[in-house]
Amino acid sequence: MKIEESNLKGCFVITPDVFEDERGYFFESFNAKTFQELTGQAITFVQDNQSKSSKGVLRGLHYQRGAHAQTKLVRVIKGKVLDVCVDLREGSETYGKHFSIILDAIKHQQLFIPKGFAHGFVVLEDDTLFSYKCDAFYNKASEAGILFNDKTLNIDWMLSEDELIISEKDLKLPSLESYGVK
């Protein structure tokens with residue numbers, strides 16, 4: 001397993017060692033001991049989530065506030081997404097910056113997203129299965145988000161806005177500027 005820190009402190013790209021033969025493949029998707037050895041962070045996941053989406057579906061940018069903030073480990077089981085996270089940790093040297101990566105069922109890479117980050121993804125292939133682990137339980141009263149097309153972030157979602165399928169709820173999210181980032 002290879003773990004590399006992204007341009008955002010505490011946000012890691014995990015690339016597993018995949019063993020393939022005529023029967024198929026095998027890889028270890030997470031090992032707490034190895035992760036702690038390579039990052040210095042101990043993590044306990046308490047909730048696993050999975051979604052299935054069509055090409056063009058954009059989910060995000062979401063996060064949980066306060067005591068219900070979540071660390072996430074995200075991956076694609078089938079298909080392909082552009083995964084994006086935004087650092088919202090006040091005082092962080094990368095506050096207001098984002099990181100994006102293509103996650104797919106071929107490379108099996110994962111993205112470890114620490115507490116204090118907003119997260120979203122856009123689906124690049126039909127029938128994509130997206131999975132993520134969380135270290136805290138979802139709490140509806142603590143949910144928050146940032147508008148996907150925020151001008152300050154200027155995220156390239158790889159699809160034109162007319163190709164995107166976005167929930168009404170996500171279209172009403174506030175801009176990053178409302179958090180004091182300009």
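Bear in mind these aren't lab numbers, they're just calculated from the coordinates by the rules spelled out. Predicted model only: the values in this text are computed from it and were never measured. Methodologically, a virtual Cβ is constructed for each residue, glycine included, from the backbone with ideal geometry; neighbour enumeration extends over all protein chains shown.
Points to keep in mind about this one:
- Total formal charge among the other residues, if their Cβ is under 12 angstrom from that of Ser53, Lys/Arg +1 and Asp/Glu -1: +2
- Cα-Cα P(r), the chain, percent of pairs per 5 Å interval: 1, 8, 16, 21, 22, 16, 9, 4, 1, 0, 0
- Candidates per trypsin sites (Lys or Arg not before Pro) in the stretch 110-168, loop by DSSP, up to 12 other Cβ within 10 Å: Lys151
- Net charge contributed by nearby residues that have their C-beta within less than 12 Å of Arg89 (K/R +1, D/E -1): 0
- GNM on the chain, alpha-carbon springs under 10 angstrom: the most fluctuating residue among Leu147, Leu73, Leu124 is Leu147.
- Estimated dipole of the stretch 2-175 in Debye, rounded to 20 [Cβ of Lys and Arg +1, of Asp and Glu -1, Cα centre]: 560 debye
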